[in-house]
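Enquirer: Attaching a single structure in structure tokens format; questions to follow.
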Amino acid sequence: MSWIKKDWTAQQADKWTKEDYLTFIISPLVYVLLALGIAFSLLLLWYGWIILGVSLILLLIMIKIIDPKLRAISEDYEMKQKKYLEDLEKIARWEE
Amino acid sequence: MVNFAFLDWFWVVIFIVLMVVCGILFYRLGKRSISDFFLAGRGLPWWLPAASVYATHSATDTPMWVSGVIYKYGLRGIWYTFFSAWCAISAFASTRIFRRSLAYTQAEWQTLRFSGLGAELLRGWIAGWQVFMNMFVLGWVGIAMGKLCHYLFGWPDWLGLILFSSLCAIYVLAAGYWGVVMADFQQGVIAFSVIIIVSIWGIVAAGGPQAITAKLNALGQSWRLNPFAFSGLTSGDFPLVWFLTMLVMAVIGGFGMGTYIDWYPEAQRIQSARTVRDASYSIWSGSALIIIRNSLWAVAIIAFFSLYPHIKSTADYEMAWFRLGFEFLPVGLVGFFFAAVVAIHLSTISTHLNLGASYATRDLYHHYFKPKASERELVWVGRISTLILLVGSFIYGLMMEEITQWLIFALWIMAAGIWLPSILQVIWWRFNSWGYLSSWIANLGLSWLVVWVLPEFHVLPLLPDYLQFWIMMVLGALIYIPITFLTQTEDMNRLVKYYVMSRPLGWWKPVRKEAERRGLLRLEESQSEGGN
């Protein structure tokens, strides 16, 4: 999956990109397949195991796509969080 | 009535002591600050809030509700429980945006996204509504436990309500959200294990999967194994358009904040996660567990149907999963099962006690009554609010029979008419506080008209719920969109600050341009960003 970006700078990760949009499509699909796969597998229907398998493969793909980006966002944001929290308290205390 | 042996009571007592003590152990952490009492200091790894999301949304009445829809609709009933799929997109969209805002509550977020009087009105309204809603949910779930104890032991309804909610309040009062989330983890593990055990036990008791399928075929009920057995495009009890409406509501709703009642407990868990990444994974995996749980329950209820296919009373077949546990598990395991039911119950009660108290403390007391209050004082206000919510829930619980119908209606109308505005407030810079406020007010009037008044006077026919949803959405938009354009844009300083901090998705181009002009966005980003 060379078309999926793995190395993100904080600046790049702040933008909404194709990796996010792909995740928006795959993620609900995983939920649907999980719901069906678990039910059919418990009923010992052969296609239940296939659906469940596909849902797990899609889940792994989704994590591979979005995880590097989420890591980059998180690392950068945590550095700014203290300052943002101070601003938040000013609003709560009517100092702003 | 169910007879408990010594071993059964042993499990129940041990589990309750474990749950309460586990919560109290975090007393010292919970009292440190308001951030600890309501958000566990914003330092939790993803799996703790995930377990809490799962445990919170597994309440005493949840298996009754799932049993009801599966017994009635077969595997199609899975889709009635599928609304939790809003987390599929939310985990990577609105969760990310909300976590970056750092707002303690959804009410507080209103004053970060909007400005001026409109924002304050929204904050006050949402805070008050959430205090009421949490008290209501506590009463609703509490009386469900009262009724279960009546069914099991012949106790009066009030005893189960007061006893278990009070036990739960011990650790919520002591340790706040630290107690909630640590007990939730333990309760979530117990509950999930027991759901697997009882569901598989039920399937085996019905003769196993092949016997269940054969029995359904013999009864002419094989459609119950098809989750896509639509009754027609728009006709029957399971029309295709209902299914599509549900999918759109659930999945697209994830772009917004407050599109579902469940958003509010999730918002607290999002802020308690230590990073944006942890917040995303906690919401995604907590809801995935809910979806897996629902499928486990669904097959167990199908098994129950094959054993008892002729139950007509809703109240009777809603007890299906409980009956599988209490009628088929051996002595000793029945107590284990009841202990898990108590775990399921406490996890929901604890969340709503702490969540309601957070709105009362942070958004009402701290923001409006005493902005200069110390951390110690705020923690104590949190505890007093928890106690008020507990007592209020007893009153609601005991009058629930009379008010349930009205309040379910209230829940429905709030979900239907503010669904789209709750998305617009996240994705569209021009949508302002007056637009959002007017959508709440318009929805209140329109829903009464569309659902009750106009059908009563035969101006409109009695419409199916999916049509009510679309009609209310269009009628509401005809009011709040013009109001948005007729009132001023939000203060650009506030919008820029919010944009730089939260990086929202959608149509924010004028705000981004202004942020660039002020030099608040990094150069590389400014050069490469497209025209959103």
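Enquirer: Only residues that are among the small types (G, A, S) and either touching a helix residue (DSSP H, G or I) at 6+ places or on another chain (Cβ under 6 Å) or free of Cβ contacts under 8 Å to residues at least 60 places away in the same chain (or both): list them for segment B:127-154, please.
Expert: Within segment B:127-154, B:A127, B:G139, B:G142, B:G146 meet the criteria.
Enquirer: Taking segment B:282-293, which residues are within 15 Å of the chain's Cα centre (by Cα) and at the interface with another protein chain (Cβ under 8 Å from one of its Cβ atoms)?
Expert: Those that are within 15 Å of the chain's Cα centre (by Cα) and at the interface with another protein chain (Cβ under 8 Å from one of its Cβ atoms): B:W284, B:S287, B:A288, B:I291.
Enquirer: I've got another one for you. Which is of a type in the set (G, A, S) and in contact (Cβ under 8 Å) with a residue 40 or more places away in the chain, of B:G124, B:G160? Even if it seems obvious, please write down each step before you answer.
Expert: Numbers: B:G160 fails: in contact (Cβ under 8 Å) with a residue 40 or more places away in the chain.
From the options B:G124, B:G160, the qualifying one is B:G124.
A quick yes/no check of all residues on (1) among the charged types (D, E, K, R); (2) assigned to a helix (DSSP H, G or I); (3) more than 8 Å from chain B (Cβ to nearest Cβ):
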| site | (1), (2), (3) |
| --- | --- |
| A:V54 | no, yes, yes |
| A:L58 | no, yes, yes |
| A:K64 | yes, yes, yes |
| A:R71 | yes, yes, no |
| A:D76 | yes, yes, yes |
| A:M79 | no, yes, yes |
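Enquirer: I'm checking my understanding of the structure. Among residues of segment A:49-80 that are in contact with a helix residue (DSSP H, G or I) (Cβ under 9 Å, 6 or more places away or on another chain) and of a type in the set (D, E, K, R), which one is surrounded by the most Cβ atoms within 10 Å (Cβ to Cβ)?
Expert: Of everything passing the filter in segment A:49-80, A:K69 is surrounded by the most Cβ atoms within 10 Å (Cβ to Cβ).
Enquirer: Ok, one more. Kindly indicate whether any position in segment B:513-522 is in contact with a helix residue (DSSP H, G or I) (Cβ under 8 Å, 6 or more places away or on another chain), free of Cβ contacts under 8 Å to residues at least 12 places away in the same chain and surrounded by fewer than 17 Cβ atoms within 10 Å (Cβ to Cβ).
Expert: Yes, some residue in segment B:513-522 is in contact with a helix residue (DSSP H, G or I) (Cβ under 8 Å, 6 or more places away or on another chain), free of Cβ contacts under 8 Å to residues at least 12 places away in the same chain and surrounded by fewer than 17 Cβ atoms within 10 Å (Cβ to Cβ).
Enquirer: Next question. For A:D20, work out the one condition from (1) within 24 Å of the chain's Cα centre (by Cα); (2) among the charged types (D, E, K, R); (3) surrounded by fewer than 16 Cβ atoms within 10 Å (Cβ to Cβ) it doesn't fulfil.
Expert: Exception for A:D20: condition (3).
Enquirer: Taking B:Y177 and the conditions (1) without any contact (Cβ under 8 Å) to a residue 60 or more places away in the chain; (2) of a type in the set (S, T, Y); (3) crowded, with 18+ Cβ neighbours inside 10 Å, which numbered condition does it fall short on, given that it satisfies the others?
Expert: (1)
Enquirer: Within segment B:298-337, take every residue that is in a helix (DSSP H, G or I) and of a type in the set (S, T, Y) and give me the one that is surrounded by the fewest Cβ atoms within 10 Å (Cβ to Cβ).
Expert: That would be B:T314.
Enquirer: Please go through segment A:1-51 and pick out each residue that is under 19 Å from B:L247 (Cα atoms), small (G, A, S) and more than 7 Å from chain B (Cβ to nearest Cβ).
Expert: Result: A:G37, single match.
Enquirer: While we're on this one: So, A:W94, is that one within 21 Å of B:A91 (Cα to Cα), aromatic (F, W, Y), within 7 Å of another protein chain (Cβ to nearest Cβ) and in a loop (DSSP other than H, G, I, E, B) or not?
Expert: No.
Enquirer: Now a separate question. Look at B:F228 and say whether it is under 28 Å from B:L463 (Cα atoms), in contact with a Lys or Arg (Cβ under 8 Å, 6 or more places away or on another chain), within 11 Å of another protein chain (Cβ to nearest Cβ) and in contact (Cβ under 8 Å) with a residue 12 or more places away in the chain.
Expert: yes
Enquirer: Hey, another quick one. Filter segment B:60-75 down to the residues that are away from chain A (no Cβ under 11 Å) and either surrounded by fewer than 24 Cβ atoms within 10 Å (Cβ to Cβ) or part of a helix (DSSP H, G or I) (or both) and list them by number.
Expert: Those that are away from chain A (no Cβ under 11 Å) and either surrounded by fewer than 24 Cβ atoms within 10 Å (Cβ to Cβ) or part of a helix (DSSP H, G or I) (or both): B:D61, B:T62, B:P63, B:M64, B:W65, B:V66, B:S67, B:G68, B:V69, B:Y71, B:K72, B:Y73.
Enquirer: Of the residues B:I423, B:I481, only one is at pLDDT 90 or above, closer than 30 Å to B:P239 by Cβ, within 14 Å of chain A (Cβ to nearest Cβ) and outside any loop (DSSP other than H, G, I, E, B); which?
Expert: After applying the criteria, what remains is B:I423.
Enquirer: So which of B:F82, B:F92, B:F38 ends up being touching a residue at least 40 places away in the same chain (Cβ under 8 Å), within 23 Å of B:Q130 (Cα to Cα) and within 14 Å of chain A (Cβ to nearest Cβ)?
Expert: B:F38
Enquirer: Which numbered condition in (1) closer than 24 Å to B:T56 by Cβ; (2) modelled with pLDDT of 95 or more is the only one that B:L346 fails?
Expert: (2)
Enquirer: Just a yes or no: is a residue in segment B:279-291 under 19 Å from B:Y73 (Cα atoms) and either in a helix (DSSP H, G or I) or charged (D, E, K, R) (or both)? If you could, list the steps in order and put the result at the bottom.
Expert: In the first step, residues of segment B:279-291 are kept if they are under 19 Å from B:Y73 (Cα atoms); the result is B:291.
Restricting the remaining residues to those that are either in a helix (DSSP H, G or I) or charged (D, E, K, R) (or both) gives B:291.
There is at least one residue in segment B:279-291 that is under 19 Å from B:Y73 (Cα atoms) and either in a helix (DSSP H, G or I) or charged (D, E, K, R) (or both).
Enquirer: Let me ask you something else. Among the listed residues B:V241, B:V204, B:V248, which satisfies the condition of being surrounded by fewer than 20 Cβ atoms within 10 Å (Cβ to Cβ) and more than 12 Å from chain A (Cβ to nearest Cβ)?
Expert: B:V241
Enquirer: Still on this structure: When the residues of segment A:1-20 are filtered to those that are aromatic (F, W, Y) and under 21 Å from A:Y77 (Cα atoms), which remaining residue is modelled with the lowest pLDDT?
Expert: This residue is A:W8.
Enquirer: Now a separate question. If the Cβ limit is 6 Å and pairs must be 6+ apart or interchain, which residue in segment B:201-213 that is more than 11 Å from B:I302 (Cα to Cα) pairs with which residue that is in a helix (DSSP H, G or I)?
Expert: Close Cβ pairs (under 6 Å, with a partner that is in a helix (DSSP H, G or I)) amount to B:W201/B:F328; B:A205/B:F328.
Enquirer: Oh, and also: Give me a count of the residues in segment B:492-507 that are more than 10 Å from chain A (Cβ to nearest Cβ), surrounded by 20 or more Cβ atoms within 10 Å (Cβ to Cβ) and not hydroxyl-bearing (S, T, Y).
Expert: The total comes to 2.
Enquirer: Being buried (at least 23 other Cβ atoms within 10 Å of the Cβ) and not in a helix (DSSP H, G or I) narrows it down to one residue among B:A85, B:A103; which is it?
Expert: Step by step, each of B:A85, B:A103 is checked, and only B:A103 is buried (at least 23 other Cβ atoms within 10 Å of the Cβ) and not in a helix (DSSP H, G or I).
Enquirer: To continue, here is another question. Go through (1) modelled with pLDDT of 80 or more; (2) assigned to a helix (DSSP H, G or I); (3) surrounded by fewer than 21 Cβ atoms within 10 Å (Cβ to Cβ) one by one and return the number of the condition B:R430 breaks.
Expert: That leaves (2) as the condition not met.
Enquirer: Return yes when B:S295 is out of contact with any strand residue (DSSP E or B) (no Cβ under 9 Å at 6 or more places or on another chain), within 29 Å of B:S222 (Cα to Cα) and in a helix (DSSP H, G or I) and no when it is not.
Expert: Considered against the rule, which asks whether it is out of contact with any strand residue (DSSP E or B) (no Cβ under 9 Å at 6 or more places or on another chain), within 29 Å of B:S222 (Cα to Cα) and in a helix (DSSP H, G or I), B:S295 comes out as yes.
Enquirer: Filter segment B:433-455 for residues that are crowded, with 20+ Cβ neighbours inside 10 Å and among the β-branched types (V, I, T); which is farthest from B:T487 (Cα to Cα)?
Expert: That would be B:V451.
The values are calculated or read from the model by the stated rules, or taken from the named source; none is laboratory data. On a predicted model such as this, the values are computed, not experimentally measured, just so you know. Ideal geometry is used to build each Cβ from the backbone, glycine not excepted, and the neighbour counts take in all protein chains shown.
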